[in-house]
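Shown next, in structure tokens, is the structure this report addresses.
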Amino acid sequence: MKKSILGYKCKKCATIHYPNRAICRKCRNEEFDVVSLPEDGKLLTFTHLHNPSGDFEVAILDLGIVELSNGCRLTGQMKIEKPVIGMKIKSQIEVVRQSGYKKFYGAVFYKA
Ligand SMILES: [Zn+2]
């Protein structure tokens, strides 16, 4: 089954929040519908993290902040050889970290 990132859409004003919030930041409503976030967006900024903790199993971790096509922003790992700010990306959910038999899923960004 394909996994997707879930956002929280306000039942009153339709503003989509990610991550979830107890109260809508626009209209202060407290009820939300769970919606899948779009996979396409653009790269806002990125960094290279050297020597992350051992469970990442890589020496350098590339992290990016992306604005999805619906305006939500999220942080994730990048698998892009030469990232450029503003470039179009596609996100997908993958195992980003492993600790023993435990798998942690997160967003991974690729060049669109
Ligand atoms: Zn609202």
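Each value in this text was obtained by applying a stated rule to the coordinates, not by laboratory testing. The structure presented is a predicted model; accordingly, all values stated were derived computationally and were not measured. No Cβ is skipped: glycine too gets one built from the backbone with ideal geometry, and neighbour counts run over all protein chains shown.
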message = If a residue must be in a strand (DSSP E or B) and under 23 Å from Ser36 (Cβ atoms), how many such residues does segment 57-112 contain?
response = 31
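Return the total of residues in segment 80-112 being β-branched (Val, Ile, Thr) and touching a helix residue (DSSP H, G or I) at 6+ places or on another chain (Cβ under 8 Å). Give the steps one after another, and end with the answer.
Going residue by residue through segment 80-112, those that are β-branched (Val, Ile, Thr) are 80, 84-85, 89, 93, 95-96, 108.
From what is left, the residues that are touching a helix residue (DSSP H, G or I) at 6+ places or on another chain (Cβ under 8 Å) are 96.
Final tally of qualifying residues: 1.
Restricting attention to strands (runs of 3 or more DSSP E) lying wholly within segment 1-50, give those where 2 or more residues are in contact (Cβ under 8 Å) with a residue 60 or more places away in the chain.
Working: elements: 6-10, 32-36, 40-50.
Passing ranges, in order: 40-50.
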remark   = Here the residues within segment 68-81 that are in contact (Cβ under 8 Å) with a residue 60 or more places away in the chain and either closer than 16 Å to Pro52 by Cβ or among the hydrophobic types (A, V, I, L, M, F, W, C) (or both) are Cys72, Leu74
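Looking only at residues in segment 1-44 that are polar (S, T, N, Q) and closer than 27 Å to Ile85 by Cβ, which one is farthest from the ligand (Cβ to nearest atom)?
So the first thing to find is which residues in segment 1-44 are polar (S, T, N, Q), and the list is 4, 15, 20, 29, 36.
Among the residues that remain, those that are also closer than 27 Å to Ile85 by Cβ are: 4, 15, 36.
On the way: Ser4: 22, Thr15: 5, Ser36: 19 Å.
Applying the filter and picking the extreme gives Ser4.
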Of all residues in segment 66-101 being over 9 Å from the mean Cα position of the chain (by Cα) and of a type in the set (Ser, Thr, Tyr), the one that is surrounded by the fewest Cβ atoms within 10 Å (Cβ to Cβ) = Tyr101
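If I filter segment 82-112 down to residues being without any contact (Cβ under 8 Å) to a residue 24 or more places away in the chain and of a type in the set (D, E, K, R), which single residue comes out as nearest to Ile5 (Cα to Cα)? Please lay out each step first, then the result.
Pass one, segment 82-112, residues without any contact (Cβ under 8 Å) to a residue 24 or more places away in the chain: 82, 94-95, 100-104.
Right, trim to of a type in the set (D, E, K, R) and you get 82, 94, 102-103.
Values: Lys82: 25, Glu94: 11, Lys102: 19, Lys103: 16 Å.
Residue satisfying both the conditions and the ranking: Glu94.
Hey, can you tell me all the residues within segment 51-66 that are in contact (Cβ under 8 Å) with a residue 12 or more places away in the chain and under 18 Å from Gly100 (Cα atoms)? Walk me through how you get there before you give the answer.
Filtering segment 51-66 down to residues in contact (Cβ under 8 Å) with a residue 12 or more places away in the chain leaves 55-57, 60-66.
Asp55, Phe56, Glu57 - these are the residues of segment 51-66 that are in contact (Cβ under 8 Å) with a residue 12 or more places away in the chain and under 18 Å from Gly100 (Cα atoms).
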